[in-house]
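Enquirer: Following this message is one structure expressed as structure tokens.
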Amino acid sequence: SSHKGFSAEFGKTMCEFAHNDEKLCVITAAMTGGTGLNEFSKQYKNRFFDVGIAEPHAVTFAAGLAANGHKPVVAIYSTFLQRAYDMLIHDVAIDKLHVVFGVDRAGLVGEDGPTHHGVFDIGYLRQIPGMKVLCPANFDQLQKMLRWAVEECTGPVAVRYPRGSVQLEDSNFDFCLEDVPCLQSGDNVTLISYGSLLKQVMQAAAELAERNIHAQVLQISSVTDFSVDQLLSQLRGKDVFVIEEAAAGSGIKQTVAWELQKRGYSGKVHGLDLGSDFTPHGDMEKLYRLAGIDADSIVEKVQEVLCDEE
């Protein structure tokens, strides 16, 4: 059911934006209900386009609309946006066209199974020149990032969000593209993450505090444009843990480690991600545990690293 999740919030936000901006239009590829766009399709029939199971066409069509002064928003599941990778590069990014991508089902999707897990988009979107990728952790952040993407961004931008409604508690968030907000202070270690996985990370920090390990939690708002200097200035302890709901090697851990090293950081950067195997279908809590990115696994990893260094 999507009636209370990020998808529904996305659809509601698109209706609000369309009411005030006649240039805004929305495209999807046989995912009207899944992406929360049923109401938009009824209210704005002339600005809603379902192109069927033809994701490459959806992206190229959006490029044409953008080139003619419209503000296209393309709503596609992360796993199916992979089908339009060539069009993302050749039809949108090379010409620096302002197309907004609502990347639904980003991360693990539970019972939908291995074909639907959206675990590769961080890697394939980050490597496209000029593409900005934003990662909201709750509904408020989703709204603010979408508003920035639609009204202020001038090139291609993706806002990726998960299936369902699991989200970080309200954090009084003011979106700024490069900011690395501190969600919790701590002096022993630093935990870095983004998106809805921050809920697990915050829970892990609370459990670590009960063990007298005080973890600082930093949020990455954009995995393409975060300020490494701001991140570096906030680091605490000599161990940094980058925790991601992404396939092994496709996230930001390597970038964080390399950029910190160039700036003289002498600590260690550890990565926790989904690993290199395909994730099966199943209950979300069990899948997080299987991958080692649930709160308990994060606690175990931090304790293990600190213990080995004693």
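Enquirer: Read through the list (1) in contact with a Gly (Cβ under 7 Å, 6 or more places away or on another chain); (2) within 25 Å of CYS176 (Cβ to Cβ), then give the number of the only condition that ALA247 fails.
Expert: For ALA247, the exception is condition (2).
Enquirer: Return yes when LEU290 is part of a helix (DSSP H, G or I), surrounded by 14 or more Cβ atoms within 10 Å (Cβ to Cβ) and either small (Gly, Ala, Ser) or touching a Lys or Arg at 6+ places or on another chain (Cβ under 6 Å) (or both) and no when it is not.
Expert: For LEU290, the condition - part of a helix (DSSP H, G or I), surrounded by 14 or more Cβ atoms within 10 Å (Cβ to Cβ) and either small (Gly, Ala, Ser) or touching a Lys or Arg at 6+ places or on another chain (Cβ under 6 Å) (or both) - is not met.
Enquirer: Which residue out of VAL159, VAL189 is under 20 Å from ALA106 (Cα atoms), modelled with pLDDT of 95 or more and among the aliphatic types (A, V, I, L, M)?
Expert: VAL159
Enquirer: Return the pair list, or none, for Cβ contacts closer than 7 Å from residues in the range 285-310 that are more than 17 Å from GLY195 (Cα to Cα) to residues that are outside any loop (DSSP other than H, G, I, E, B) and open to solvent by 100 Å² or more (accessible area, probe 1.4 Å), at least 6 apart or on different chains.
Expert: Here the result reads SER297/ARG289, each pair linking the range 285-310 to a residue that is outside any loop (DSSP other than H, G, I, E, B) and open to solvent by 100 Å² or more (accessible area, probe 1.4 Å).
Enquirer: Among the residues of the range 152-167, write down those that are in contact with a strand residue (DSSP E or B) (Cβ under 8 Å, 6 or more places away or on another chain) and either part of a helix (DSSP H, G or I) or not small (Gly, Ala, Ser) (or both).
Expert: We begin by selecting, within the range 152-167, every residue in contact with a strand residue (DSSP E or B) (Cβ under 8 Å, 6 or more places away or on another chain); these are 153, 155-163.
CYS153, PRO156, VAL157, VAL159, ARG160, TYR161, PRO162, ARG163 - these are the residues of the range 152-167 that are in contact with a strand residue (DSSP E or B) (Cβ under 8 Å, 6 or more places away or on another chain) and either part of a helix (DSSP H, G or I) or not small (Gly, Ala, Ser) (or both).
Enquirer: Here's something else I'd like to know. Checking the conditions here, which among GLN230, GLN219 is open to solvent by less than 20 Å² (accessible area, probe 1.4 Å) and either of a type outside the set (Gly, Ala, Ser) or modelled with pLDDT of 95 or more (or both)?
Expert: GLN219
Enquirer: Turning to a different aspect of this structure: Any idea how many residues of the range 239-277 are more than 19 Å from GLY123 (Cβ to Cβ) and either open to solvent by 50 Å² or more (accessible area, probe 1.4 Å) or under 19 Å from the mean Cα position of the chain (by Cα) (or both)?
Expert: 7
Enquirer: Can you work out which of the residues in the range 116-159 that are in contact with a Pro (Cβ under 9 Å, 6 or more places away or on another chain) and open to solvent by 20 Å² or more (accessible area, probe 1.4 Å) is nearest to MET14 (Cα to Cα)?
Expert: Going through the qualifying residues, I end up with GLN143.
Enquirer: Look through the range 97-127, keep the residues that are outside any loop (DSSP other than H, G, I, E, B) and over 21 Å from MET145 (Cβ atoms), and return whichever of them is modelled with the highest pLDDT.
Expert: So, considering only residues that are outside any loop (DSSP other than H, G, I, E, B) and over 21 Å from MET145 (Cβ atoms), the one modelled with the highest pLDDT is GLY110.
Enquirer: Please count how many residues of the range 192-206 are over 21 Å from VAL109 (Cα atoms) and buried (at least 21 other Cβ atoms within 10 Å of the Cβ).
Expert: Result for the range 192-206: 3.
The values are calculated or read from the model by the stated rules, or taken from the named source; none is laboratory data. In this text the structure is predicted, and so the values were computed from the model without any measurement. We place every Cβ from the backbone using ideal geometry, glycine too, and count neighbours over all the protein chains shown. SASA here: full protein model, heavy atoms, side chains in, ligands and nucleic acids out. Shrake-Rupley method; radii C 1.70, N 1.55, O 1.52, S 1.80 Å.
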